[in-house]
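Data block below; observations after.
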Amino acid sequence: RERLKKAAERFSNEGYAVLRYDFGGSGESDDSPVTVKNYSDDLRSAIKYVRERGYENVGLLGESLGGLASILAYDENIKSLVLWSSITSSKVPDLYRNDEEEIERKGFVIKKKDGKDFKIPKEYFDERRTINQKEILSKIKCPVLIIHGSEDDAVPFEDCKNALRYLPKGSKLEVIEGARHKLEEKINEVISISLDWFKKYLN
């Protein structure tokens, strides 16, 4: 996704080492079912990879479901978190409501996105139902920046607002006026805000 490539290039130009990767089942990665557990396990492997190469000050930037994976993969040695339009609480995705009969009958649904077929098992929808916002956010010890578009119709604004109740002192919610879920309308502003956050908390 070009917005994430752009962010990685901008951070790299500012002197940060950046690891950008595809979750399993996405992009050029091997096929695997889309589940919250698989995504968070992938990220834990990525964190292990960079630490084995000597990087100690590690920060995470996650978008949407990737934001939830960042929360779940967090450990106390992570220095900073930036979440773009992140999922932080329970919800039955609209996809389930639209395809409930097929999912219950087959145990999964196939959806096409970005020219690729994604296999989404029933497990994913069960995981999304059981997210406990207080439980997953209260374990985080580093300051967290949440960036949310004012026109986001995928993740409710109230979820992000409520998230601050459970995050450490210094955490912040930045609302981007006119931006939708992908934040593409104001992506340069979003990247600049994210970079400033890492400069403050990751260095």
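The values are calculated or read from the model by the stated rules, or taken from the named source; none is laboratory data. All values reported here derive from a predicted model rather than from experimental measurement. Virtual Cβ from ideal backbone geometry, glycine too; neighbours counted across all protein chains shown. Protein only, heavy atoms only, side chains kept; ligands, DNA and RNA dropped before computing areas. Shrake-Rupley method; radii C 1.70, N 1.55, O 1.52, S 1.80 Å.
Taking Asp41, is it under 28 Å from Asp152 (Cα atoms), without any contact (Cβ under 8 Å) to a residue 60 or more places away in the chain and surrounded by fewer than 12 Cβ atoms within 10 Å (Cβ to Cβ)?
The answer is no for Asp41.
Which count do you get for residues in segment 146-191 that are in a helix (DSSP H, G or I) and open to solvent by less than 40 Å² (accessible area, probe 1.4 Å)?
6
Residues in segment 67-77: is at least one of a type in the set (Ser, Thr, Tyr), open to solvent by less than 10 Å² (accessible area, probe 1.4 Å) and in a strand (DSSP E or B)? Don't jump to the end; show me each part of the working.
Applying the first criterion (of a type in the set (Ser, Thr, Tyr)) to segment 67-77 yields 70, 74.
Now drop any that are not open to solvent by less than 10 Å² (accessible area, probe 1.4 Å), which leaves 70.
Now drop any that are not in a strand (DSSP E or B), which leaves none.
No, every residue in segment 67-77 fails to be of a type in the set (Ser, Thr, Tyr), open to solvent by less than 10 Å² (accessible area, probe 1.4 Å) and in a strand (DSSP E or B).
Can you name the residue in segment 44-57 that is in a helix (DSSP H, G or I) and among the hydroxyl-bearing types (Ser, Thr, Tyr) and, of all such residues, is least open to solvent (accessible area, probe 1.4 Å)?
If we take residues in segment 44-57 being in a helix (DSSP H, G or I) and among the hydroxyl-bearing types (Ser, Thr, Tyr), then Ser45 is least open to solvent (accessible area, probe 1.4 Å).
Of all residues in segment 136-183, which are under 25 Å from Tyr201 (Cα atoms) and of a type in the set (Ser, Thr, Tyr)?
Within segment 136-183, Ser138, Tyr166, Ser171 qualify.
Mind telling me which of the residues Glu174, Glu185, Glu151 ends up being out of contact with any Lys or Arg (no Cβ under 7 Å at 6 or more places or on another chain) and either among the polar types (S, T, N, Q) or modelled with pLDDT of 95 or more (or both)?
Glu174
When only residues in segment 9-36 that are in a helix (DSSP H, G or I) and modelled with pLDDT of 95 or more count, which is surrounded by the most Cβ atoms within 10 Å (Cβ to Cβ)?
The extreme case among them is Phe11.
Of the residues Leu60, Leu83, which is within 21 Å of Ile147 (Cβ to Cβ), crowded, with 20+ Cβ neighbours inside 10 Å and without any contact (Cβ under 8 Å) to a residue 24 or more places away in the chain?
Among Leu60, Leu83, only Leu60 is within 21 Å of Ile147 (Cβ to Cβ), crowded, with 20+ Cβ neighbours inside 10 Å and without any contact (Cβ under 8 Å) to a residue 24 or more places away in the chain.
Collect the residues in segment 97-126 that are over 17 Å from Leu65 (Cα atoms), open to solvent by less than 70 Å² (accessible area, probe 1.4 Å) and assigned to a helix (DSSP H, G or I), keeping them in residue-number order.
Asp99, Glu102, Ile103
Kindly indicate whether any position in segment 128-140 is at pLDDT below 95 and not in a loop (DSSP other than H, G, I, E, B).
Checking segment 128-140: at least one residue is at pLDDT below 95 and not in a loop (DSSP other than H, G, I, E, B).
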